[in-house]
Every structure is written in C-alpha cells, then in structure tokens.
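Please read the structure below before turning to the comments.
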Amino acid sequence: MTKPHTLLAPTFPVRTTLLPLLLAATLAGCVSTQSSAPAPPTLSQQEAFFEALAAHCGKAYAGALVSDQSADADMRGRPMVMHVRECSETRIAVPFHVGNADGSWDRSRTWLVTRGETGLRLKHDHRHEDGTADAVTFYGGDTAAQGTAQAQEFPVDAESIAMFRANDLTASVTNVWRVEVDPAGAADGQFAYQLQRPGRLFRVEFDLTRPVALPPAPWGHE
C-alpha cells in the first residue's frame, strides 16, 4: 500500500513573523544610539555673566549715581561714563570716568573682572593722574556663589581687609560689591555697580541701549 504523503507546513509565515521583530530591534538600536549622544554644553551662571559683559567690549555708556547717601553728595548729578575697554578670555577691564564740577574728569578708577577656575574676581585699579598707583588699590573680592547671568556679588577678600586696616579704613572690611549687566541688545539693558555694607550703599547705573563716544584712556593706561 502506498503511504500517504505528509504535508509540511510552509516556512514563509515564520519569516513574515520575524521581519517586524527584526525591524523593531533595529529601530530600537538607532534610538538608543541617538539618545546616548552627549548634550551640548551649557554655560554656568558666571560664564554667562562674563560673556554678557564681554559682549559690550569696545563700547562706552553714560550713567549716573542713583543712591542718595550724604557721603556721595559731591558725586550727585555728575556725568559718568563706563567703558568696556579691554577684553580677553580671562579678564575684562572697565574704566569708570566721573566728571568734575570744573569740567575736568576723574579717570582714576578701573574695574577689573577676572574669570578663574573657582569663580569670578572683582578688583579696583586706582591710579593718580600721573599714572602712579594709589596707596589703596587692587582691592576687591571673589564670588562666593554662582549668582546669576545678570548679577554677581563679590564679598571682600582677606588681602583687601588687610589693606583697609593698614590704611585706617576699617569700615570697609565688610564690603560687598555687586555688578549687574544685561547682554547686548537687551531691551532696557543696564549695567550697575554697587558697594554695600551695613549703613553704606553706593550705586551707579548706566544705560546700555545708547552707546556714547569713547572716553580717553584711564590714568596710567595711556
């Protein structure tokens, strides 16, 4: 007797079932590869602040005293100009010019903002008209916190405290300086410099929306 033929199940349905699985695995591999790509680096608050100030390099802006303490009565109403004069990857020099009642200008002050590995530093370069250094110069402080992209505070450092005490300026040993800056092109952009300690507030503000003519070099930097 002839044995009946055994019917074999066709193999193509198995292949058809595997194709979607293989495709899904391939797509999953692509997604995993894309998601593992490193995200672009983001600026820290201090780096963003430094870059915002550097964006004004080569420009000068007019400002005025806005605090109202009697200690600064002689500066009230005087013309003021800040000039973002020198910029590098690690330091920005900002001379601060103050007009005198006789029409001359006091060009003795330059603010120095330096970027280091542990934060930002603010120092004050004070010169006499002949370019020589003042007895009290290069004082300031380092940031103690990240701050923001628009504002940084600089508590007085130990070196400056020693200098103040040596020159009978003990009231200054608790100084905290604050610098504020808006990036270039910001609506109502402003730069501010402020000194504060218990019982003392000095603050000047500058309009960053209207550059003015560049002033001469500060004393000692001609």
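Coordinate-derived values only; no laboratory data. Note that the coordinates shown come from a computational prediction; the quantities given were computed from them, not determined experimentally. Neighbour counts are summed over all protein chains in view; Cβ atoms, including those assigned to glycine, are modelled from backbone coordinates with ideal geometry.
Structure above, values below:
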read-out: Total formal charge among the other residues, if their Cβ is under 9 angstrom from that of HIS126, Lys/Arg +1 and Asp/Glu -1; value: 0
read-out: Cut-off 12 Å between beta-carbons: net charge of the residues surrounding GLU180, Lys and Arg +1, Asp and Glu -1; value: -1
read-out: Net length gained if the chain between ALA133 and CYS57 were fully extended (0.36 nm per residue, minus Cα distance); value: 24.9 nm
read-out: nm² value of the averaged projected area, convex hull over the Cα atoms of the range 46-212; value: 9.9
read-out: Förster-model FRET efficiency, 30 Å R0, THR42 and LEU112, C-beta, rounded to 0.05; value: 0.65
read-out: Burial order of peptide ranges 135-142, 164-171 (average beta-carbon count within 10 Å, highest first); value: 135-142, 164-171
read-out: Global geometry of the range 118-183, whether rounded, prolate or oblate, following the gyration tensor of its Cα atoms and the 1.5 cut on a/c; value: oblate
read-out: Summed residue charge, Cβ within 14 Å of VAL81's Cβ, Lys/Arg positive, Asp/Glu negative; value: +3
read-out: Potential lengthening between ALA71 and ASP188 on full extension [0.36 nm per residue; Cα-Cα distance subtracted]; value: 39.2 nm
